[in-house]
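A short reminder: the numbers here are calculations on the coordinates, not readings from a lab. Predicted model only: the values in this text are computed from it and were never measured. We place every Cβ from the backbone using ideal geometry, glycine too, and count neighbours over all the protein chains shown.
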Amino acid sequence: MTAPVTIRGAGVAGLCVATELMARGVPVTLRDPAAAPGPHACSWWAGGMLAPDCEGATAEEPVVRLGREAADWWAAQGVAVTRQGSLVVTLGRDWRELDHFAHRTAGHRLVTGDVLAALEPHVAERHDRALWFENEAHIDPRAALEHLRLTLEEDGARFEQTDAAPDGPTIDCRGLAAQGALPDLRGVKGEMVVLRSPEVQLSRPVRLLHPRFPLYIVPRGDGIFMLGATQLESGERGRASARSVMELLSAAYALHPAFGEAEVVEIGADARPAFPDNLPRITRKGDTLHVNGLFRHGFLLSPAVARQVAGLVLRDNERPELYHEDHA
């Protein structure tokens, strides 16, 4: 029997790593100060978009390639995956941005007129063309976190409500809480708004190109929409600024005026852990494997990262792609 492993942190990274290890027969104990997934965790505020091709506009190549594994992985765990693709639009005055986005990405086609209206009638009311990334998907991240935790508990994983460092082999998935051991880890703040607007119907995430930061609206069902997200170089957590909230709400209104009458259900903010290149890393320090730096790609890249961690733990792959030597 493989020796037990303790995982510190039960956010999306920790839960995915635990899922991969348990599937390979490795007993797992997860340590986290919180009793369940919730607003204390960065992954609670995620959009849940599994959109590797769209991310290729600004992200490095591994994000696109490894991210393409995500939708099938989440579906295999029993998480509801909506495979309706995603749309990218722009305001009329910024129409050249859509062409630039198309040149930087793959896996899309331009849709206009009746085709766009058939995909998203409410988008077509205000926009005459869009890029459709038909192979992309999205999930409800909060439901996904709760599902993974429940499944792990049913499969025999132990959960301990503590953050104390254990003796023996450890996998550290604590995000920014691990900055003391990872000095080049930084925080990138993201703010989001949840709206209720039964008048608007969307079947897939819609991205509105913006000169300052990427904006997106993700349907959650029953008239609920998640709107995000800012990208600020700051490790501040828990406080959304008035300026950011106004910009997010303005973007929703630009997509469809009915959002102007929406109910604001929730406003949230947190800091995403990121390294200088915005790529995740697996780093060994003594008996501890640090799994960190998922930036804004937590749900997109955690499945691939978790597979690589499992291969390293079981010595199936001594040099996974995202492994970094500690040169400190």
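Structure notes:
- Simple Cβ-charge dipole of the chain, Lys/Arg +1 and Asp/Glu -1, about Cα centre, in debye nearest 20: 340 debye
- D_trans [Stokes-Einstein, Kirkwood Rh over alpha-carbon pairs] for the range 134-221, 37 °C, 0.692 mPa s, µm² s⁻¹: 187 µm²/s
- Least to most buried among TRP45, TRP73 (fewest other Cβ within 10 Å first): TRP73, TRP45
- Residue-wise HN-Hα coupling along the range 26-42, computed from phi with Karplus coefficients 6.51, -1.76, 1.60 (Hz; x: Gly, Pro): 8, x, 10, 10, 9, 10, 8, x, 8, 7, 7, x, x, x, 6, 9, 4
- Alpha carbon convex hull of the range 73-159, volume per residue in cubic angstrom: 130 Å³
- Debye, to nearest 20: dipole size of the range 275-328, +1 on Lys, Arg Cβ, -1 on Asp, Glu Cβ: 140 debye
- Space enclosed by the convex hull of the alpha-carbon atoms of the chain, per residue, Å³: 127 Å³
- Stokes-Einstein D (µm²/s) once Rh is taken as the Kirkwood radius of the range 31-92 over alpha-carbon pairs, at 20 °C in 1.002 mPa s: 152 µm²/s
- Cα-based Rg and Dmax for the range 251-292, where Dmax is the largest Cα-Cα distance (Å): 19.4, 55
- Kirkwood Rh in Å, taken over the range 1-125 so that all alpha-carbon pairs contribute: 17.8 Å
- Where the Cα pairs of the range 233-274 fall when distances are cut into 5 Å bins, in %: 5, 20, 24, 22, 13, 10, 5, 0
- Here's how it looks for TYR216: its modeled amide H is under 5 Å from those of LEU208, GLY228, ALA229, which are all 5 or more places away or on a different chain.
- Quotient of C-alpha Rg and 2.2 N^0.38 Å, computed over the range 187-328: 1.29
- Dipole of the range 184-326, positive direction: furthest Cα of PRO273, HIS290, GLN201, with charges on the beta-carbon: HIS290
- Projecting the Cα atoms of THR112, GLY223, ALA178 onto the charge dipole of the chain, computed from C-beta unit charges around the Cα centre, puts ALA178 farthest toward the positive end.
- Percent of beta bridges antiparallel (DSSP, the chain, rounded to nearest 5): 70 percent
- Amide H contacts of TYR323 (H built 1.01 Å from N, under 5 Å, at least 5 apart or other chain): ILE282
- Orientation-averaged projection of the range 232-309 equals 7.5 nm² [convex hull of Cα atoms, one quarter of hull surface area].
- Per-residue ³J(HN,Hα) for the range 123-130, Karplus 6.51 cos²θ - 1.76 cosθ + 1.60, θ = phi - 60°, Hz, x for Gly and Pro: 6, 5, 5, 10, 9, 9, 7, 7
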